[in-house]
Amino acid sequence: MKLPWKKVSLEKTAELNVESTDMKPNHSIEASPEEPLEEEETEFEKSFEEAMKESFDLSRRSRSSSFDPNDPDKEYVPPRKMSWWMLTMLMCGYMVGIGVLSIPSAFQTLGWVGGVLVLTGVYFITTATGYFLYYMGLRYPTVRSYASMSRRLWGKPGMYFTATIAYSYFFALLTSDLLTSSLTWKNMLQKEHICTVVFAVIAYAMMLLAGQARSLFEITYIILVAITFIVIPIIIVCVKAPSIGAGLGKTYATSSTSFYQGLTAAMDIIFAFTGHLIYFEFMAELKRVEDFPTALWLSQTFSYACYLTLAAVAYYYIGNTGYMQSPVTLVIKHGPIHYVNDVFMVIHVTIAGTIGGNVLSRAVQWGFQPLIAGGLRKFRDGSLRNRLWWLLWTGVTYGAAFIVAELVPFFSSFIGIMTSLFSSFLTFIVPSAFYFWEFWHDTRWYQKLLPFFCFLVGFLMLTLGSYGTFKSLVVAIESTGKPFSCSRKF
């Protein structure tokens, strides 16, 4: 009996298992030279409003699956099992994270006009760049990552460049989740005088346990818990805000804040919408790629509603009182409600962190397991040996994040650098560049304005946002303690 091993060459291993460049897409939409673009409307000449209406057409049940029989890796990756509503929950759980708790402070810095404009603008722009990735997913249904898409468009140099940035950002987010979880434990039990490293070990163990779900589809079984445990703290803050502010809250239409502070606040809002890095992985497990816009619009709108509600209520009642903090849950004094909030935060961060951890662990597995074992086992193989392999690679991945989180005392500020440099690049610039490169000849001039605008916004955030975060990093380095410190703070 042959074991279900797949032989992987060293060259393919080094390329992070991306598809070969000569593989043809599932279907082609290129215009024929004999049929000028002006004479016949292409599929991608639909207006943004038409695309929105089409995305909510839930009655299209006759469409075929996005499964591609020509996919050489289909037996070694998670199968397409997710429906659109499962993906919606997964995207909501991934997006509505701890970043939402910093938005009230951003509103206090920017004022009503600046806060609402930035929040609404980012909502629409990130929805547009999400559509760019969706169009790319339609043309190349076997692509499962930013790196593999870059390989198709720009060859190995593009793949290595994008993979370095993308997986570094995945790792930074995972490290940030581990650090947040451990510091929340410490904040909850600060009277016990327990070393922060102990809480970091507990956070690592919890995330490792949750990370044994081998696919994003399996994570959907527990993602509703993560959504619930971030929405409840939002509701608690909204309910307690009037009594905390005690009628002293002051709000302003505009703000006279400094350029540096305004940029930092804007980056906090942008960070709350940066989930695009994992969209190809989401589409790769979706039964029908055509259902992705439905999940995109629902998750984006749900996130926007949560962000705006919390920011408006907290800013109205607590703004400029001296009580506003980031994360805003810190405004609740120690007591039963405070402890409940902390417990919910730990559980949410643990579950949500495994989404990116799943993608990163699989990349590590595909990169190193063939070097050790000579190949990969088929995904459907549920044997103990295959699960032990997964335990090994998740343990290595989360373990590396644990070491970095404790080794770099100023990592909380360092993640701000990663956000300004990488999130803007991966959320605005890369999707727009993909779309430009692939559909330049399939679209008319006015249809190029939106991706150009998104690219420009990303470039401005990349350059201007870096100024503020680098300045914050310098301050943090001067005021933080030593590695593996027991007195670690947020």
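The values are calculated or read from the model by the stated rules, or taken from the named source; none is laboratory data. As the structure is a prediction and not an experimental result, all values here were calculated from the model. A quick note on method: Cβ atoms are made from the backbone with ideal geometry, for glycine too, and the neighbour counts reach across all protein chains shown. SASA here: full protein model, heavy atoms, side chains in, ligands and nucleic acids out. Shrake-Rupley method; radii C 1.70, N 1.55, O 1.52, S 1.80 Å.
May I ask you to say which residue of Arg288, Arg214 is basic (Lys, Arg) and within 30 Å of Leu392 (Cβ to Cβ)? After applying the criteria, what remains is Arg214. Out of the residues in region 293-307 meeting the condition of being surrounded by fewer than 23 Cβ atoms within 10 Å (Cβ to Cβ) and of a type in the set (Ser, Thr, Tyr), tell me which one is farthest from Ser83 (Cα to Cα). Out of the qualifying residues, it is Tyr304.
Which residue, of Leu209, Leu216, is open to solvent by 60 Å² or more (accessible area, probe 1.4 Å), aliphatic (A, V, I, L, M) and at pLDDT 90 or above? Step through it out loud before you land on a result.
Values: Leu216 fails: open to solvent by 60 Å² or more (accessible area, probe 1.4 Å).
On inspection, the qualifying residue turns out to be Leu209.
More than 15 Å from the chain's Cα centre (by Cα) and surrounded by 19 or more Cβ atoms within 10 Å (Cβ to Cβ) - does that describe any residue in region 164-175? Walk me through it before giving the result.
Keep residues of region 164-175 that are more than 15 Å from the chain's Cα centre (by Cα), which gives 164.
Restricting the remaining residues to those that are surrounded by 19 or more Cβ atoms within 10 Å (Cβ to Cβ) gives none.
Taking every residue of region 164-175 in turn, none turns out to be more than 15 Å from the chain's Cα centre (by Cα) and surrounded by 19 or more Cβ atoms within 10 Å (Cβ to Cβ).
Would you be able to say whether some residue in region 384-391 is modelled with pLDDT under 90, open to solvent by 40 Å² or more (accessible area, probe 1.4 Å) and either touching a helix residue (DSSP H, G or I) at 6+ places or on another chain (Cβ under 6 Å) or of a type in the set (D, E, K, R) (or both)? No, every residue in region 384-391 fails to be modelled with pLDDT under 90, open to solvent by 40 Å² or more (accessible area, probe 1.4 Å) and either touching a helix residue (DSSP H, G or I) at 6+ places or on another chain (Cβ under 6 Å) or of a type in the set (D, E, K, R) (or both).
Residue-by-condition table, conditions (1) more than 21 Å from the chain's Cα centre (by Cα); (2) on the phi > 0 side of the Ramachandran plot; (3) in a helix (DSSP H, G or I):
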position: Ala295; (1), (2), (3): no, no, yes
position: Tyr307; (1), (2), (3): no, no, yes
position: Tyr323; (1), (2), (3): yes, no, no
position: Thr354; (1), (2), (3): no, no, yes
position: Gly382; (1), (2), (3): yes, no, no
position: Leu391; (1), (2), (3): yes, no, yes
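Return yes when Ile347 is more than 24 Å from Ala205 (Cα to Cα), among the aliphatic types (A, V, I, L, M) and either open to solvent by 10 Å² or more (accessible area, probe 1.4 Å) or part of a loop (DSSP other than H, G, I, E, B) (or both) and no when it is not.
For Ile347, the condition - more than 24 Å from Ala205 (Cα to Cα), among the aliphatic types (A, V, I, L, M) and either open to solvent by 10 Å² or more (accessible area, probe 1.4 Å) or part of a loop (DSSP other than H, G, I, E, B) (or both) - is not met.
Take Ser145 and decide whether it is of a type in the set (Ser, Thr, Tyr), surrounded by 23 or more Cβ atoms within 10 Å (Cβ to Cβ) and over 18 Å from the mean Cα position of the chain (by Cα). Taking the combined requirement at face value, the residue does not satisfy it.
To keep it simple, each residue is scored yes or no on (1) within 22 Å of Val122 (Cβ to Cβ); (2) open to solvent by 20 Å² or more (accessible area, probe 1.4 Å); (3) among the charged types (D, E, K, R); (4) out of contact with any strand residue (DSSP E or B) (no Cβ under 7 Å at 6 or more places or on another chain).
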site	(1), (2), (3), (4)
Pro242	no, yes, no, yes
Leu248	no, yes, no, yes
Ser258	yes, yes, no, yes
Arg288	no, yes, yes, yes
Asp291	no, no, yes, yes
Thr329	no, no, no, yes
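Out of Leu460, Leu450, Leu426, Leu421, one residue alone is assigned to a helix (DSSP H, G or I), at pLDDT below 95 and surrounded by fewer than 17 Cβ atoms within 10 Å (Cβ to Cβ). It is Leu460.
Yes/no matrix, rows are residues, columns are (1) closer than 30 Å to Ala253 by Cβ; (2) modelled with pLDDT of 95 or more; (3) in a helix (DSSP H, G or I); (4) of a type in the set (Asp, Glu):
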{"position": "Phe44", "(1), (2), (3), (4)": "no, no, yes, no"}
{"position": "Ser65", "(1), (2), (3), (4)": "no, no, no, no"}
{"position": "Gly114", "(1), (2), (3), (4)": "yes, no, yes, no"}
{"position": "Thr129", "(1), (2), (3), (4)": "yes, yes, yes, no"}
{"position": "Leu138", "(1), (2), (3), (4)": "no, no, yes, no"}
